[in-house]
Amino acid sequence: MPEHKDRLPGGFADKRQPKDFNKTQMKMGRKVEYEHTNDPKIADEISMDHLEEIPDYYDRLEDMEDKAKEEGQFRNVEESFAQRLDKALGLLNE
């Protein structure tokens with residue numbers, strides 16, 4: 001696999017590689033961060049910055065969204081996190 005090149009200098013995960021992080025968290029992160037970009041490399045870089053701070057960031061995000069749904073506070077106008085995650089995992093496994 002080619003080495004990751006930093007495209008967003010100044011992040012917490014500068015000089016780190018995607019392989020340095022949990023594979024499942026990276027897959028989840030890529031899909032979530034597509035909210036900000038259509039570029040998978042940028043999405044990965046945003047994910048790595050979050051995971052550098054909190055190694056299970058995307059599990060926690062999913063839990064938070066689930067709790068908000070239970071409380072009737074979730075206002076996502078897009079598809080659910082689980083639907084986005086299923087699509088992302090399917091795309092990354094192709």
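The values are calculated or read from the model by the stated rules, or taken from the named source; none is laboratory data. Bear in mind the structure is a predicted one, so any value in this text is a computation, not a measurement. Glycine gets a Cβ as well: all are built from the backbone with ideal geometry, and neighbour counts include every protein chain shown.
For this structure, a couple of remarks:
- Close Cβ contacts (under 8 Å, 6 or more residues apart or on different chains) running from residues in segment 20-33 that are of a type in the set (Asp, Glu) to residues that are in a helix (DSSP H, G or I) comprise Asp20/Met48; Glu33/Ile42; Glu33/Ala43; Glu33/Asp44; Glu33/Ile46; Glu33/Ser47.
- So Arg84, is it at pLDDT below 95 and either charged (D, E, K, R) or farther than 13 Å from Lys27 by Cα (or both): yes
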